[in-house]
1. Are there any pairs with C-beta distances below 9 angstrom linking a residue in the stretch 116-128 that is at positive phi to a residue that is of a type in the set (Asp, Glu), with the two at least 6 apart or on different chains, and if so which?
2. Condition (residue is β-branched (Val, Ile, Thr) and touching a strand residue (DSSP E or B) at 6+ places or on another chain (Cβ under 6 Å)) applied to the stretch 69-80: is it met by at least one residue?
3. Please go through the stretch 111-143 and give me each residue that is under 24 Å from residue 76 (Cα atoms), part of a loop (DSSP other than H, G, I, E, B) and not small (Gly, Ala, Ser), ordered by number.
4. Grab the strands (runs of 3 or more DSSP E) fully contained in the stretch 1-66, keeping just those with 1 or more residues being modelled with pLDDT under 95, among the aliphatic types (A, V, I, L, M) and surrounded by 19 or more Cβ atoms within 10 Å (Cβ to Cβ).
5. Residue under question is residue 97, and the condition is that it be at pLDDT below 95 and open to solvent by 30 Å² or more (accessible area, probe 1.4 Å); does it hold?
6. Picking from 112, 76, which residue would you name as being in contact with a helix residue (DSSP H, G or I) (Cβ under 8 Å, 6 or more places away or on another chain), among the aromatic types (Phe, Trp, Tyr), under 19 Å from residue 9 (Cβ atoms) and open to solvent by 40 Å² or more (accessible area, probe 1.4 Å)?
7. So residue 121 clears everything in (1) surrounded by fewer than 16 Cβ atoms within 10 Å (Cβ to Cβ); (2) touching a Leu at 6+ places or on another chain (Cβ under 6 Å) except one condition, right? Which one?
8. Could you check the stretch 28-66 and list, in sequence order, the residues that are farther than 18 Å from residue 139 by Cα, out of contact with any Lys or Arg (no Cβ under 9 Å at 6 or more places or on another chain) and among the hydrophobic types (A, V, I, L, M, F, W, C)?
Amino acid sequence: MKRLLIVYHTQSGHTGALADAVRAGAETADGVTVRCLRAFDAGVDDLARCDALLLGTPENFGYMSGALKDFFDRTYYPLEGQLTGLPFALFISAGNDGTNAVREIRRIATGYGWREVAEPHIARGDVTPADIDACHALGAAMGEGLAMGIF
């Protein structure tokens, strides 16, 4: 059984709604166990055991949330060099354009050696039904790709 980890942070509930949609989509894949954790609750063991990763954050001051950055800070050195090639994708809730949060997460992911397998979904402003649908599709694609051995 393949393991998909979803790590996210939410304050207003927008990123939480996106995470719920990502999780629901991922759970449609057979042969994949989905674990969805808030960033402060996820740690080294969770990350070490996953076969793919979805990361969600609000854009705060043109950056990722402090909670997601904390997750990276707590897991990077203990797992340095152990997760090369890990497939990942992003979902962002942004009051502005979200591109800075994406850029900075990609920089950190490069340090881990991860491989981005889908374009990020950025929900700008209020979360819309189209954002929910896109995140459901992102989760489903990640789950199915993992189940099929594509990544």
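The values are calculated or read from the model by the stated rules, or taken from the named source; none is laboratory data. Keep in mind the model is a prediction, meaning the values are calculated, not measured. Cβ placement follows ideal geometry from the backbone for every residue including glycine, while neighbour counts extend to all protein chains displayed. Ligands, DNA and RNA are stripped out before the accessible areas are found, and what is left, the full protein with its side chains, is counted by its heavy atoms. Shrake-Rupley method; radii C 1.70, N 1.55, O 1.52, S 1.80 Å.
1. Matching pairs, first to second residue: none at all.
2. Scanning the stretch 69-80, I find no residue that is β-branched (Val, Ile, Thr) and touching a strand residue (DSSP E or B) at 6+ places or on another chain (Cβ under 6 Å), so the answer is no.
3. If the condition is that a residue be under 24 Å from residue 76 (Cα atoms), part of a loop (DSSP other than H, G, I, E, B) and not small (Gly, Ala, Ser), then 114, 117, 119, 120 are the ones that fit.
4. none
5. yes
6. Going through 112, 76 in turn, just one is in contact with a helix residue (DSSP H, G or I) (Cβ under 8 Å, 6 or more places away or on another chain), among the aromatic types (Phe, Trp, Tyr), under 19 Å from residue 9 (Cβ atoms) and open to solvent by 40 Å² or more (accessible area, probe 1.4 Å): 76.
7. (1)
8. Those that are farther than 18 Å from residue 139 by Cα, out of contact with any Lys or Arg (no Cβ under 9 Å at 6 or more places or on another chain) and among the hydrophobic types (A, V, I, L, M, F, W, C): 40, 48, 61, 64.
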